[in-house]
Amino acid sequence: MAKITYIEHDGTDHVIDVKPGLTVMEGAVKNNVPGIDADCGGACACATCHVYVDDAWLDKTGEKSAMEESMLDFAENVEPNSRLSCQIKVSDALDGLVVRLPESQH
Amino acid sequence: MSEAGTGDLTARVVIVGAGHAGGSAAAFLRQYGHTGPIVLIGDEPLLPYQRPPLSKAWLKGEADADSLQLKPTTWYEEAGVSLRLGGVVVSINRGAKTVTLASGEHLPYDYLILATGARARALPIPGADLSGVLALRTAADAEALKEALGPGKRLAVVGGGYVGLEAAASTVALGGHATIIERESRVLARVACETLSVFFQDYHGERGVTFVLNAGVEGFEGRDGHVTGVRLSDRSVIACDVALVGVGAVPNEELARDAGLHCANGVVVDIEARTADPFVFAIGDLTHRPLPIYDRQFRLESVPNALEQAKQAAAAIAGKPMPPHEIPWFWSDQYDLKLQIAGLPFDADRQVVRGDVAAARFAVFHLKGDLVQAVEAVNAPPEFMAGKQLIAKRTPVSIEKLADTTISMKEVAA
């Protein structure tokens with residue numbers, strides 16, 4: 001299990017044990033963490049699972065694909081550490097990961 | 001009795017239908033702080049799960065029941081959502097505010113959410129009851145289809161819609177052969193523009209899928225109770241090991257209609273997913289709902305629609321602000337193609353193609369004057385995302401810029 005901390009826009013945090021192999025998005029949705037909508041269920045089709053990855057974890061979460069990059073390009077309030085959480089696979093190396101959620105996914 | 005929409009967080013909510021819409025409504029109610037009892041009734045034996053992967057990842061063995069579940073099994077108990085899986089509601093008594101299950105159980109409600117979805121349209125033709133004549137709507141359907149597919153297996157699809165095309169792509173990936181039989185002169189005739197139809201047919205054709213267009217289907221042929229072919233109106237027969245009927249879906253509105261709720265190709269709801277009865281909501285594929293941008297009512301079959309209305313019903317019951325209205329959108333994955341559609345081409349008077357169709361990276365914009373009504377994007381996320389924003393904002397665009405790929409979508413949408 002990897003411990004992932006999801007911090008809502010209002011500061012409420014959710015510390016969740018996520019099974020390696022799931023995505024960061026699935027870890028949130030399956031545990032009813034508010035603020036990650038993931039309308040398309042992880043098909044990289046909607047950009048409603050936008051998160052900000054804590055700077056300390058940017059290297060470990062890997063590179064964005066071209067598809068993810070261009071979806072994010074049109075999301076709201078995008079920052080350099082923005083990711084689509086359906087595209088981050090959880091592994092033991094991500095134990096301790098911290099992500100922050102935007103005010104809105106739409 | 002609680003007042004409708006005043007946010008009585010202790011109200012008793014009964015949700016009929018445990019699909020994407022019903023399951024999400026339960027989850028959103030808890031997210032919005034609702035503490036009252038929630039009963040979720042579904043006629044399938046399964047917890048709410050995602051249906052879109054059934055024609056794709058499921059058939060290819062890349063998804064299982066666990067991975068498709070909306071919430072883990074433990075969540076329902078933790079969240080205090082009481083389940084009646086395999087439960088069938090036979091009637092609603094709106095006066096007494098109860099629903100009655102086939103088992104005879106009566107369940108009282110303060111608020112009722114109808115989320116009974118839609119069912120695959122059946123073909124009333126000879127042989128439709130042969131084994132191996134399948135629909136694709138539920139996990140059980142998908143499992144039956146998966147078992148019939150494999151190397152060398154022949155799938156005949158009646159209906160060239162998204163379900164049929166996605167199943168054909170999965171069949172090819174599994175080493176089988178697919179034939180798509182379509183009544184119209186092109187696939188996706190009801191749901192996409194001709195440029196897209198031709199593109200998808202060519203793309204499938206290059207990968208070995210056979211198309212029979214302008215073809216009426218007269219019946220299914222079989223041996224020992226199992227389908228062996230599809231008989232067309234010209235008497236020719238398409239031989240197959242399994243047949244998939246994908247000719248659209250019809251809303252499961254009978255329960256609502258019998259309860260006196262207004263139905264017109266779906267249960268008629270307002271922009272907050274409420275029926276004419278302030279204590280009854282309807283959400284998802286079941287509903288005939290307003291589309292404010294297009295100034296009309298329409299029945300949408302999509303996950304984003306199910307989620308939007310689930311949020312609306314939950315927000316109304318929990319007394320939370322209404323979520324912002326969304327532009328209808330859809331997606332489909334076939335081979336290495338990602339199709340994303342935003343909006344609906346109502347009242348459109350011209351089409352603008354942006355990008356290179358031959359290179360499988362393009363978008364078709366549907367405009368009414370200089371307003372974007374809809375965009376169909378193939379492997380073109382910027383066009384989809386910017387198009388969706390343009391549809392929502394109702395800002396005019398320059399046709400010349402839109403067609404010019406040297407000008408970025410950011411600039412076009414600016």
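Of these, B:GLU44, B:GLU78, which one is more than 30 Å from B:ALA135 (Cβ to Cβ) and acidic (Asp, Glu)?
Values: B:GLU44 fails: more than 30 Å from B:ALA135 (Cβ to Cβ).
After applying the criteria, what remains is B:GLU78.
When the test is whether a residue is surrounded by fewer than 23 Cβ atoms within 10 Å (Cβ to Cβ), out of contact with any Lys or Arg (no Cβ under 8 Å at 6 or more places or on another chain) and among the small types (Gly, Ala, Ser), B:GLY387 does not pass it.
Checking the conditions here, which among B:LEU371, B:LEU367 is modelled with pLDDT of 95 or more, surrounded by 18 or more Cβ atoms within 10 Å (Cβ to Cβ) and outside the structural domain of B:PRO304 (by TED's automatic domain parsing)? Talk me through it step by step, then tell me what you get.
Working: B:LEU371 fails: surrounded by 18 or more Cβ atoms within 10 Å (Cβ to Cβ).
When all the criteria are applied, what remains is B:LEU367.
Restricting attention to the range B:312-348, the residues that are within 9 Å of chain A (Cβ to nearest Cβ) and of a type in the set (D, E, K, R) total 3.
Which of the following residues is buried (at least 24 other Cβ atoms within 10 Å of the Cβ) and either closer than 24 Å to B:GLY160 by Cβ or not assigned by TED's automatic domain parsing to the domain that holds B:LEU307 (or both): B:PRO381, B:PRO345? Let's see the steps before the verdict.
Numbers: B:PRO345 fails: buried (at least 24 other Cβ atoms within 10 Å of the Cβ).
Answer to the check: B:PRO381.
For the range B:26-74, the candidate set comprises residues that are acidic (Asp, Glu) and part of a loop (DSSP other than H, G, I, E, B); within that set, the residue that is farthest from the other protein chains (Cβ to nearest Cβ) is B:ASP43.
Yes/no matrix, rows are residues, columns are (1) under 19 Å from the mean Cα position of the chain (by Cα); (2) of a type in the set (S, T, N, Q):
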| position | (1), (2) |
| --- | --- |
| B:SER332 | yes, yes |
| B:ILE341 | yes, no |
| B:VAL352 | no, no |
| B:VAL375 | yes, no |
| B:THR395 | no, yes |
| B:GLU400 | no, no |
| B:ALA403 | no, no |
| B:SER408 | no, yes |
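When the residues of the range A:22-32 are filtered to those that are in contact (Cβ under 8 Å) with a residue 24 or more places away in the chain and within 9 Å of another protein chain (Cβ to nearest Cβ), the one that is surrounded by the fewest Cβ atoms within 10 Å (Cβ to Cβ) is A:LEU22. Checked across the range B:15-23, the condition of being without any contact (Cβ under 8 Å) to a residue 60 or more places away in the chain and more than 21 Å from A:ALA38 (Cα to Cα) holds for no residue. The single residue among B:VAL14, B:VAL88 that is buried (at least 23 other Cβ atoms within 10 Å of the Cβ), within 21 Å of B:ALA282 (Cβ to Cβ), more than 13 Å from chain A (Cβ to nearest Cβ) and modelled with pLDDT of 95 or more turns out to be B:VAL14. Within the range B:164-180, the set of residues being surrounded by 24 or more Cβ atoms within 10 Å (Cβ to Cβ) and aliphatic (A, V, I, L, M) comprises B:LEU165, B:ALA167, B:ALA168, B:ALA169, B:ALA178, B:ILE180. The residues in the range A:5-18 that are surrounded by fewer than 21 Cβ atoms within 10 Å (Cβ to Cβ) and touching a helix residue (DSSP H, G or I) at 6+ places or on another chain (Cβ under 8 Å) can be counted, and the count is 2. Scanning the range B:315-323 finds one or more residues that are in contact with a strand residue (DSSP E or B) (Cβ under 8 Å, 6 or more places away or on another chain) and either at pLDDT 95 or above or farther than 27 Å from B:LEU54 by Cα (or both). Just one of (1) assigned to a loop (DSSP other than H, G, I, E, B); (2) at pLDDT 90 or above trips up A:ASP39, so point out which. A:ASP39 satisfies all of (1) assigned to a loop (DSSP other than H, G, I, E, B); (2) at pLDDT 90 or above except (2). Out of A:LYS19, A:LYS3, one residue alone is among the basic types (Lys, Arg) and under 17 Å from B:TRP75 (Cβ atoms). It is A:LYS19.
Which of the residues spanning the range A:49-60 are assigned to a loop (DSSP other than H, G, I, E, B), surrounded by fewer than 22 Cβ atoms within 10 Å (Cβ to Cβ) and of a type outside the set (Lys, Arg)? Spell out how you get there, then give the answer.
In the first step, residues of the range A:49-60 are kept if they are assigned to a loop (DSSP other than H, G, I, E, B); the result is A:49, A:54, A:58-60.
Checking the rest, the ones that are also surrounded by fewer than 22 Cβ atoms within 10 Å (Cβ to Cβ) come to A:54, A:58-60.
Scanning the range A:49-60 gives A:ASP54, A:LEU58, A:ASP59.
Looking at B:ASP129, is it surrounded by 14 or more Cβ atoms within 10 Å (Cβ to Cβ) and modelled with pLDDT of 95 or more? Here the answer is no, as B:ASP129 does not meet what is asked. So, A:ASP37, is that one among the acidic types (Asp, Glu), touching a helix residue (DSSP H, G or I) at 6+ places or on another chain (Cβ under 8 Å) and within 14 Å of another protein chain (Cβ to nearest Cβ) or not? When the stated conditions are applied, A:ASP37 passes them. Within the range B:53-73, not a single residue is surrounded by fewer than 22 Cβ atoms within 10 Å (Cβ to Cβ), of a type outside the set (A, V, I, L, M, F, W, C), at pLDDT 95 or above and not assigned by TED's automatic domain parsing to the domain that holds B:ALA142.
Among the residues of the range B:80-136, just one is more than 26 Å from the chain's Cα centre (by Cα), part of a loop (DSSP other than H, G, I, E, B) and polar (S, T, N, Q), namely B:SER103. Looking only at the range B:287-332, which residues are closer than 28 Å to B:ALA169 by Cα and assigned to a helix (DSSP H, G or I)? Answer for the range B:287-332, where residues must be closer than 28 Å to B:ALA169 by Cα and assigned to a helix (DSSP H, G or I): B:VAL303, B:PRO304, B:ASN305, B:ALA306, B:LEU307.
The values are calculated or read from the model by the stated rules, or taken from the named source; none is laboratory data. Predicted model only: the values in this text are computed from it and were never measured. FYI the Cβ positions are ideal-geometry reconstructions off the backbone, even for glycines, and counts take in every protein chain you see.
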